[in-house]
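Notes for the one structure printed next.
The values are calculated or read from the model by the stated rules, or taken from the named source; none is laboratory data. From a predicted model like this one, the values you see are computed outputs, not experimental measurements. Note that we place each Cβ from the backbone using ideal geometry, even for glycine, and neighbour counts take in every protein chain shown. We work out accessible area using only protein heavy atoms, side chains counted, and drop any ligands, DNA or RNA first. Shrake-Rupley method; radii C 1.70, N 1.55, O 1.52, S 1.80 Å.
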Amino acid sequence: MNTLDSLNNGEQAIIHKFSGGKSFINRVAAMGFTLEAEVTMISKRGRGPVIVYIRDSEVALGRSEAEKIIIKENLK
Amino acid sequence: MNPEINIPTIALAGQPNTGKSTVFNSLTGSKQHVGNWPGKTVEKKTGTYRYNGSALNIVDLPGTYSLTSASLEEKIARDFLLNERPDAVVVMADASQLERTLYLFTEIRLLKVPVVLALNMMDVAREQGKNIDVSALQENLGVPVVPMTASRAKGLDDLISVINNSLKKKNGSPALCMEDNKLLNKYSEIYSLLDDEIPNEYSKEWIAVKLIEKDEEANLVFNRYVSGKKLETAEKLVTEIKDGILHVAGARYNWIRKAILNSIKLLPSDEKKIRRKNFDRAATHPIWGKFIAVGIILLTFITAMIIAIPVMSVAQLLMGPGSGALRDIFSGAPLWVISFFADGLLPVTGVAVMMFSFILGVYFAFGILEDIGYLARLAYVFDRPMNRIGLHGKSFMPLLMSFGCNIAGVTGTRVIDSWQQRMVTLVMVSIIPCMALWAVVSFVGVIFFGAAMPLLIIALLAVVAVHLTFTSALFRKFIVKGEKTGLIMELPPYHKPNWKTIWSYVWVHSKDFLKRAGTLIALISLAVWALSYQHDGNIENSILAAIGKFFDPVSGLIGLDWKLFIALIAAIAAKEASLSVLAVLYGIGDGASSITSLFVSGTGGFENAALTGAIAQSVSPASALAFIFAFFFSIPCIGTVATIYSETRSFKWTAGCSAYYLLASFIAGGIAYRIGLMIF
């Protein structure tokens, strides 16, 4: 199962599920991370936080937060 | 300026970076009141909008992405909407990021309140090639939509007239704003179970949806009114929906997608391509981004200084002659009267004016930074290093600025949007040694430790690091508890600074600072004046000296005699003046009538060599070491304490922080003394 942080810069995917707790899901859901949502990796460098594009917006996620978001079908 | 009773109250809600404060400032101008939400140290802004004889109370709710009560800000916004029942709510959305910024709208639509959607940043959307059909959107959303470009004051009049129309309806009827048949079926089942039971003052739609989200508060209301078989059935239904919030959020976004689908036309030139400006690539780069951030923070500090320095120099220049003039005016009066004016009131006012000019500059620089949207990038590049001491990236700026001046640091904590993070950072900021401390440390240090000074400096900085880490852990564990969540942060698009918004930000906050901090500075300084007043120019006869001698057994524990102890206490008034205070205590300075007069003369007024000699003669190296550590970690200057008060608007927090620093100072001094005794 691939997680969001496995995407390379410019790659796109669909969110499949989440492995975090309730408060994590509360926060990301409001920012637009929901099941079946399209997400694009904008910036991933070294081991630091990533920047993704979701629902008209750029959102920064810590690496461990990105690991809690599981994706399916890499759309390229 | 309390909200007037008979005029309608309008709540202004919106996600962060949707231009909410621009709209608030444009509507209320200088007729604003800044306070705290009841019982919280979170800022509450209210204001009045007046037009042809009528008026509206406008309440600025904290900017939040949703109303899940996951954070204090969300809880405040939500409690206000649920309990205070505003007459209408204006929800801000960003036309250039419509999909995500409408999320809060879908949640507020569940309440029994008329809603108006302010569709801001129409200009940015147009630049992006998004053509928005407002009347189609209005039809799909089911509420009035007002297109706006608040940064250019466009759409404000329309907004007011639409609000007025909405006020004619007494109650808004809740709407679901969800698209997901399976979920809506479950919802209907739950709704039918509570429909007859829950009183009509609640929005039943809100309760039913929040039950699916597994919201604790909604559950409490539900349990209060619903019982028996209905309760059981409902609870079973709710538990069947795993991760309810995820399904609800998904359904809301489906609904939003559908609502905006036929109202936004993308021009062919913009193929949804994500274009990032070169600057942003650098600003978020792990190495270059940090350089840019530090550069911008320095620039902020310099800007503040440029604004402050002319005022400070003039104030400093006027103090000497002013003091002389006051002496002439009161020449026949009793000595204490002359002293009160010339050595007390004048210098105290002068110091307050200098601090005020500096804070004005700080507010101005922060106003710009907040407005352009850069701060999120700064937070992004410093998130990992800050995480190591339990903080967010945004804490970096206040901490770094504190090396220059703690006042700037404390003010800088206002850029941190989470209450927990802000309070922890606020406490940590004053542990950072400001520039003024080093002057005193090096003066006393060189006398005793000469070539070992670098070692002393390393030791001091090491203690700072330990102190910061410990304080962060302590406060997060016991005082401002909150779940530690990692970085999840929007990087908003950059905006051109809006000078009107910035000016009103500076004006409102400076006024507030002057009122609160000014009062506190004056009170403490005058207390120092009164305590150290002496009729014969001999400080040994002052009350302060008596206090110092009384506490001798205590200060003896950390190796300080009463003179050093008094210098330590007096240093709270102004760190820069500490050396002058020491000079007076050792009988070297010119016999002033009170140590507040040292603000007039600044650090001058004594011979360095004489003070060096006096200290070397009467202080042991171990005591000197204890003094340096106790001084270094003591309560920050009154300016900083006053700023803590004006930023938190909480006497409890101000006093609590001060007591904490005092304790830290005592412990650091005590340990240094014991170690000193072993070494020397």
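Find the residue count for the stretch B:561-581, including only residues that are without any contact (Cβ under 8 Å) to a residue 60 or more places away in the chain and not hydroxyl-bearing (S, T, Y). If you could, list the steps in order and put the result at the bottom.
If we filter the stretch B:561-581 for residues that are without any contact (Cβ under 8 Å) to a residue 60 or more places away in the chain, which is where we start, we get B:562-563, B:565-566, B:569-570, B:577, B:580-581.
After this cut, where a residue has to be not hydroxyl-bearing (S, T, Y) as well, the list is B:562-563, B:565-566, B:569-570, B:577, B:581.
Counting residues in the stretch B:561-581 that are without any contact (Cβ under 8 Å) to a residue 60 or more places away in the chain and not hydroxyl-bearing (S, T, Y) gives 8.
Taking each residue of the stretch B:375-387 that is more than 22 Å from B:A365 (Cβ to Cβ) and at the interface with another protein chain (Cβ under 8 Å from one of its Cβ atoms) and looking for partners that are among the small types (G, A, S) and surrounded by fewer than 24 Cβ atoms within 10 Å (Cβ to Cβ) with beta-carbon atoms closer than 6 Å, six or more apart or interchain, yields B:R384/A:G48.
Of all residue pairs spaced 6 or more apart or on separate chains, none has beta-carbon atoms under 6 Å together with a first member in the stretch B:224-243 that is farther than 16 Å from B:D195 by Cα and a second member that is among the small types (G, A, S).
Give the stretch B:1-15 a look and list any residue that's open to solvent by 20 Å² or more (accessible area, probe 1.4 Å) and within 23 Å of B:R649 (Cα to Cα), or say none. Within the stretch B:1-15, B:M1, B:N2, B:P3, B:E4 meet the criteria. Counting the residues of the stretch B:549-560 that are touching a residue at least 12 places away in the same chain (Cβ under 8 Å) and more than 19 Å from B:F633 (Cα to Cα) gives 3. Exactly one residue out of A:I51, A:I69, A:I14, A:I25 is aliphatic (A, V, I, L, M) and open to solvent by 10 Å² or more (accessible area, probe 1.4 Å): that is A:I14.
Could we say that B:G295 is small (G, A, S), free of Cβ contacts under 8 Å to residues at least 40 places away in the same chain and open to solvent by 20 Å² or more (accessible area, probe 1.4 Å) here?
Details: small (G, A, S): yes; free of Cβ contacts under 8 Å to residues at least 40 places away in the same chain: yes; open to solvent by 20 Å² or more (accessible area, probe 1.4 Å): yes.
Yes: the conditions hold for B:G295.
Can you pull out the strands (runs of 3 or more DSSP E) entirely within chain A that have at least 2 residues that are free of Cβ contacts under 8 Å to residues at least 24 places away in the same chain?
Hits in chain A: A:50-54, A:57-61.
With respect to A:G32, is the statement that it is on the phi > 0 side of the Ramachandran plot and either at pLDDT 90 or above or within 7 Å of chain B (Cβ to nearest Cβ) (or both) true? Quick ask: steps written out before the conclusion?
Numbers: on the phi > 0 side of the Ramachandran plot: yes; either at pLDDT 90 or above or within 7 Å of chain B (Cβ to nearest Cβ) (or both): yes.
Answer is yes for this residue.
Scanning the stretch B:223-247 for residues that are over 20 Å from B:Y202 (Cβ atoms) and of a type in the set (K, R) returns B:K229, B:K236, B:K242.
A quick yes/no check of all residues on (1) away from chain A (no Cβ under 14 Å); (2) open to solvent by 10 Å² or more (accessible area, probe 1.4 Å):
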| site | (1), (2) |
| --- | --- |
| B:G53 | yes, yes |
| B:L61 | yes, no |
| B:Y65 | no, yes |
| B:I76 | yes, yes |
| B:L81 | yes, yes |
| B:E84 | yes, yes |
| B:A88 | yes, no |
| B:D94 | no, no |
| B:Y103 | no, no |
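The selection criterion, being more than 10 Å from chain B (Cβ to nearest Cβ), touching a helix residue (DSSP H, G or I) at 6+ places or on another chain (Cβ under 7 Å) and open to solvent by less than 10 Å² (accessible area, probe 1.4 Å), holds for A:V39. Could you please give the count of residues in the stretch B:584-597 that are surrounded by 24 or more Cβ atoms within 10 Å (Cβ to Cβ) and either part of a loop (DSSP other than H, G, I, E, B) or at pLDDT 80 or above (or both)? Total satisfying the criteria: 2.
Being assigned to a helix (DSSP H, G or I) and farther than 20 Å from B:A473 by Cβ is the filter here; which residues of the stretch B:410-438 pass it? Spell out the reasoning first.
Within the stretch B:410-438, the first condition is being assigned to a helix (DSSP H, G or I), and the residues that meet it are B:410-415, B:419-429, B:435-438.
Selection gives B:V410, B:T411, B:G412, B:R414, B:V415, B:M435, B:A436, B:L437, B:W438.
In the set B:T41, B:T48, which member is in contact with a strand residue (DSSP E or B) (Cβ under 6 Å, 6 or more places away or on another chain) and either under 29 Å from B:S161 (Cα atoms) or outside any helix (DSSP H, G or I) (or both)? I'd like the intermediate steps shown before the answer.
Values: B:T41 fails: in contact with a strand residue (DSSP E or B) (Cβ under 6 Å, 6 or more places away or on another chain).
That would be B:T48, the only listed residue that is in contact with a strand residue (DSSP E or B) (Cβ under 6 Å, 6 or more places away or on another chain) and either under 29 Å from B:S161 (Cα atoms) or outside any helix (DSSP H, G or I) (or both).
Tell me yes or no: at least one residue of the stretch B:475-493 is in a helix (DSSP H, G or I), under 18 Å from the mean Cα position of the chain (by Cα) and more than 30 Å from A:E58 (Cα to Cα). Yes, there is a match, as at least one residue in the stretch B:475-493 is in a helix (DSSP H, G or I), under 18 Å from the mean Cα position of the chain (by Cα) and more than 30 Å from A:E58 (Cα to Cα). Just one residue in the set A:S23, A:S57, A:S19, A:S6 is of a type in the set (S, T, N, Q), under 22 Å from B:A251 (Cβ atoms) and more than 10 Å from every other protein chain (Cβ to nearest Cβ); that residue is A:S19.
Listed here are the residues, each with its yes/no results for (1) farther than 23 Å from A:A30 by Cβ; (2) within 14 Å of chain A (Cβ to nearest Cβ); (3) small (G, A, S).
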position	(1), (2), (3)
B:E232	yes, no, no
B:I241	no, yes, no
B:A259	no, yes, yes
B:I287	yes, yes, no
